[in-house]
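None of the figures in this text is laboratory data; all of them are computed from the coordinates on show. Source: prediction; values computed, not measured. Counting neighbours? That spans all protein chains shown, and the Cβs are built from the backbone with ideal geometry, glycine included.
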Number of protein chains: 2
Amino acid sequence: MKILIAGGDGYCGWASALYLSARDHDVTIIDNFIRRKWDNEHDLNSLVPIFTLDERVKEWNRLTGKTIHIINIDVTNYSALCEIINCETKFDALVHFAQQRSAPFSMINCDHAIRTHINNTVGNMNILWALHEYSPNTHLVKLGTMGEYGTPNIDIEEGFITIEHNGRSDRLPYPKQPGSFYHLTKVSDSDQIIFACRTWNLRATDLNQGIVYGYNTDEIDLSPVLANRFDYDHIFGTVLNRFCIQVALGYPLTVHGEGGQTRSFIDIRDTVKCIEIACQTPAKPGEYRVFNQFTEMFSVLELAKLVKQVSENIMNIPCEISHLKNPRTEKEVHYYNCINTNLRSLGLQPTLLSNETIVSLIQLAKKYTNQVNLKLIPPQIQWKSENEQISAAKQNHE
Amino acid sequence: MKILIAGGDGYCGWASALYLSARDHDVTIIDNFIRRKWDNEHDLNSLVPIFTLDERVKEWNRLTGKTIHIINIDVTNYSALCEIINCETKFDALVHFAQQRSAPFSMINCDHAIRTHINNTVGNMNILWALHEYSPNTHLVKLGTMGEYGTPNIDIEEGFITIEHNGRSDRLPYPKQPGSFYHLTKVSDSDQIIFACRTWNLRATDLNQGIVYGYNTDEIDLSPVLANRFDYDHIFGTVLNRFCIQVALGYPLTVHGEGGQTRSFIDIRDTVKCIEIACQTPAKPGEYRVFNQFTEMFSVLELAKLVKQVSENIMNIPCEISHLKNPRTEKEVHYYNCINTNLRSLGLQPTLLSNETIVSLIQLAKKYTNQVNLKLIPPQIQWKSENEQISAAKQNHE
Ligand SMILES: NC(=O)c1ccc[n+]([C@@H]2O[C@H](COP(=O)([O-])OP(=O)(O)OC[C@H]3O[C@@H](n4cnc5c(N)ncnc54)[C@H](O)[C@@H]3O)[C@@H](O)[C@H]2O)c1
Ligand SMILES: NC(=O)c1ccc[n+]([C@@H]2O[C@H](COP(=O)([O-])OP(=O)(O)OC[C@H]3O[C@@H](n4cnc5c(N)ncnc54)[C@H](O)[C@@H]3O)[C@@H](O)[C@H]2O)c1
């Protein structure tokens, strides 16, 4: 298939581009490298040093003979985007990873919230309009997040729920309760895609992805020049990856509050498989469908205990769990049960979290501890201002 | 009360500002007059000629001795907004009307969709961040629309619905199905306000307003210099106001498709009352509440028949109903039942649609027919492109 990958220089996008190219799909990456700029702006770096996208695709070509096309564009630039979408042989699928994806980044201040909002929602709107105007048959595969749903007290379905009310019934979009300005952009994107499919007969799959962990994939492992980014910092680092790095540093695991926050997770080796599955069985014209793209659910404290056990019992590394004041506003104890049958019924064989994976991540981190800036480990971005924290604490005390 | 009215140069905002000032509230208007610029850009004009905001508030002061403060700022300009919010004596309420409010405008092309999106959602985010940073106690009264809900097959509640699912239950945000990029901005605003109330303890009332009709209010009627805008064009004109103008012009009533589309309506005399009610009984800190701000439901065809009957039987003006090809993508026959108890339980006495109101609107229109540009009457903005219309027609035919 001819596949356009927006955001193909990033963590999920790069691994997916290689996976698809290895399977003989004709892959084009668009990216404006803004993530690398955000890293510079905030003095962040990937734990594993990454090469330029140019160097990466050259290395891939040298090793496999396969070509990945790359184009430097910003998806918020409509005319540039249209030129690409409106090419001779249309793309079969457009996989859209190209967004600002950190919740803490979006909560730093109004400016960061708005930059996140504009980057994500305007990019998404441009893609919808460009498909509408120039290539309505291209299947949009959009990355959303399980975080869109929040933590309702009922089971989380895949995108829609049938509601019985006053003797009548309808199948309606699942109510969302996003917990940051980043998550709000994803909810807004979903609403826009639903509208575009209904109005313009576009075809779209919304992948509500869980938190991704892991590093190695068969393709990434071929050469250090193909290295993927591996975020360890408090802004872009995600929980399991961060715990493994913290073990390697001898740093206590940073659990936010009680740690009862339960979330959905997926191994990056499954992410890339899911992307191919979604592309190969496209949504029908006019169809908007949602796949909850995760394989397991864990609470943050469960994960911390698992990592501690692997660290101490298998690797002989002492490991502390430290409960920090929660920087976010979220429930620390709650019901959580999410459905994820769609991808499995299309053939996904889940790679469940294993001790081996945790060991391999800790080993990877050990190799690169010299890359770590320790200041980037503790959480620093607060959802509430200091005044709000004081008055919330007072309220809790009363 | 000290009340800030964002968008106070517009149709609802101006009538509300006068109503509140007449009742001795201390009113400040902010507006950047962008609506007047959009009118110029698209060669539109209010049926009733309007004066500058400067002239309007001077006339109000001359007639009543009361002062309305006015400040020319764009709510998408964060620092300018903060300066106003962060004044010595904080505002008790901020009533937010300052948005692009036309669905057809937002569907013209990608550029109009994005201008609508940025104007509305960035303005709303700025307001939330400014309140969070400088005045969390100011009660936000935000104008949403009944159109956010779409036309689900179950009763439409006020913002939230209790869902029973697999033996569990939760009260969740009511699922929305917005029908244009304009409506999508309102849904996104609501999600952001819910988040801000939960996270920052802000206090907010989201007024999901029905389609507003009417012109006269006690204050507007005091002087022609106080004239309100009255939109008749296919972009900003709303259905009942447009029907009355069409009668005055001897133009057939423009019903889209079958006309079974049912919507919620409110008289502008009730809009202004609802605004005062919302301000005077503010939401509590941390509370996000929704009032469905309408008084009656009508289908488009019912309204057309009502106007035709008043026109022919009371005013002796012949009147045709013409069913045009529907420019929008929407159900033309559907279930529709909305709850609106919140405002009535706070004391709203509805002004129901009467023959007198229709007569007065037709008379007003008759007075200003010389202002009308006939080209602006028929709908011209299509939700679907021509290709999409052809293939949709084919599908319907099969
Ligand atoms: N990593 C996770 O745990 C996770 C979980 C759920 C969902 N997701 C979603 O998957 C997608 C990819 O996440 P990731 O972890 O790979 O993020 P990433 O930051 O590593 O990669 C995102 C890429 O998109 C590019 N990009 C951003 N805005 C762009 C724009 N306007 N124009 C062109 N390129 C742009 C960046 O330069 C970067 O290369 C995101 O949409 C994210 O929300 C990620
Ligand atoms: N008129 C209706 O039928 C109706 C129905 C439901 C909801 N509403 C909502 O009520 C509100 C007011 O509607 P209206 O009919 O009075 O619209 P309007 O166009 O007459 O007035 C809007 C005013 O806001 C100002 N404005 C827009 N963007 C601004 C910005 N960025 N900064 C400063 N000022 C800005 C405009 O200049 C204009 O004066 C809107 O939010 C609309 O969505 C209206």
Antiparallel %, DSSP beta bridges [both residues in chain B], to 5 = 20
In percent, what relative contact order does chain B have, based on Cα pairs under 8 Å that are 6 or more apart in sequence?
-> 20
Normalising by the residue count of segment A:201-271, find the relative contact order in percent from Cα pairs under 8 Å and 6+ residues apart.
-> 46
Taking the Cα centre of the protein assembly as shown as the origin, how large is its charge dipole in debye, to the nearest 20, when only Lys and Arg (+1) and Asp and Glu (-1) carry charge on their Cβ atoms?
-> 60
Counting DSSP beta bridges with both ends in the protein assembly as shown, the antiparallel % (nearest 5) | 20
Among B:R229, B:R263, B:R36, the residue with the largest mean-square fluctuation in a Gaussian network model of chain B built from Cα contacts under 10 Å is B:R36
Which whole-Hz ³J(HN,Hα) couplings does segment B:116-130 yield from phi under the Karplus relation 6.51 cos²θ - 1.76 cosθ + 1.60, θ = phi - 60°, glycine and proline marked x?
-> 4, 4, 5, 3, 6, 6, 5, x, 5, 4, 4, 4, 5, 5, 5
Under the rule rounded for a/c under 1.5, else prolate if a/b exceeds b/c, else oblate, using alpha carbon gyration tensor axes a ≥ b ≥ c, segment A:14-131 is classed as oblate
Using a label point 7 angstrom from Cα along Cα-to-C-beta, what distances in nm, from shortest up, separate A:R344 from the other copies?
-> 4.8
Starting from the amide H of A:R203, placed 1.01 Å from N in the peptide plane, find each other amide H under 5 Å away whose residue is 5 or more places distant or on another chain.
-> A:L140, A:G286
Using a Gaussian network model of chain A with C-alpha springs under 10 Å, which one of A:H69, A:H234, A:H139 is most mobile by mean-square fluctuation?
-> A:H69
To the nearest 20 debye, what charge dipole does chain B have about its Cα centre, counting +1 at the Cβ of each Lys and Arg and -1 at the Cβ of each Asp and Glu?
-> 80
Toy charge model, Lys and Arg Cβ at +1, Asp and Glu Cβ at -1: segment A:66-203 dipole around Cα centroid in debye, rounded to 20, equals 80
Under a Gaussian network model of chain A whose springs join Cα atoms within less than 10 Å, the largest fluctuation of A:P379, A:P173, A:P104 belongs to A:P173
Label point 7 Å out from A:E287 along Cα-to-Cβ: which residues of segment A:133-172 have amide N under 20 Å?
-> A:135-144, A:157-162, A:171-172
Counting each DSSP H run of 4 or more residues in chain A as -39500 (n - 2.57), what helix-only mean residue ellipticity at 222 nm follows after dividing by all residues, to the nearest 500 deg cm²/dmol?
-> -11000 deg cm²/dmol
Which of B:F160, A:F97 has the fewest Cβ neighbours within 10 Å, and the rest in rising order | B:F160, A:F97
With a point put 7 Å past each Cα toward its Cβ, work out how far A:N40 is from B:D218 in nm, to one decimal.
-> 6.3
Determine the distance separating the Cα centre of segment A:298-369 from the Cα centre of segment A:101-124; give it in Å without decimals.
-> 27
Using modelled amide H (1.01 Å from N, peptide plane; none on Pro or chain starts), what sits under 5 Å from the amide H of A:D26, excluding residues fewer than 5 places away?
-> A:K2, A:I3
In sequence order, calculated HN-Hα J values of segment A:271-287 (Karplus, 6.51, -1.76, 1.60; Hz; x Gly/Pro) = 3, 5, 5, 4, 4, 5, 4, 4, 5, 7, 10, x, 4, 7, x, x, 8
Copy-to-copy spacing for B:Q389, label 7 Å out on the Cα-to-C-beta vector, in nm, shortest first?
-> 5.8
Pick out, from B:I114, B:G147, B:H165, the residue whose Cα sits farthest towards the positive end of the charge dipole of segment B:114-199, with +1 on the Cβ of Lys and Arg and -1 on the Cβ of Asp and Glu.
-> B:I114
Expressed as a whole-number percentage, the relative contact order of segment A:147-236 with C-alpha contacts under 8 angstrom and at least six residues apart is 21
Inter-copy label distances at A:N355, 7 Å along the Cα→beta-carbon direction, one decimal in nm, shortest first?
-> 8.7
Measure off 7 Å from each Cα along the Cα-to-Cβ vector at B:E312 and A:N313, then give the distance between these two points in nanometres to one decimal.
-> 8.5
Positive-pole candidate from A:W60, A:N77, A:P49, dipole of segment A:42-81, charges at beta carbon | A:W60
Take every DSSP beta bridge whose two residues both sit in segment A:247-398, then give the antiparallel share in percent to the nearest 5.
-> 50
If you rotate chain A onto chain B, the residue of A with its Cβ nearest that axis, and the gap in whole angstrom, comes out as A:S188, 2
Per its Cα gyration tensor (rounded if a/c is under 1.5, else prolate when a/b beats b/c, else oblate), chain B is best filed as oblate
Tell me, how many Å apart are the Cα centres for segment A:1-25 and for segment B:11-44?
-> 51
Spin-label zone in segment A:304-322 - amide nitrogen under 20 Å from a point set 7 Å from the Cα of A:K366 along the C-beta vector = A:304-321
What are the residues whose amide H is under 5 Å from the amide H of A:G8, where those residues sit 5 or more places off or on another chain and H is modelled from the backbone?
-> A:I30
Separation of the B:E302 and B:S79 label points, Cα + 7 Å toward Cβ, nm = 5.2
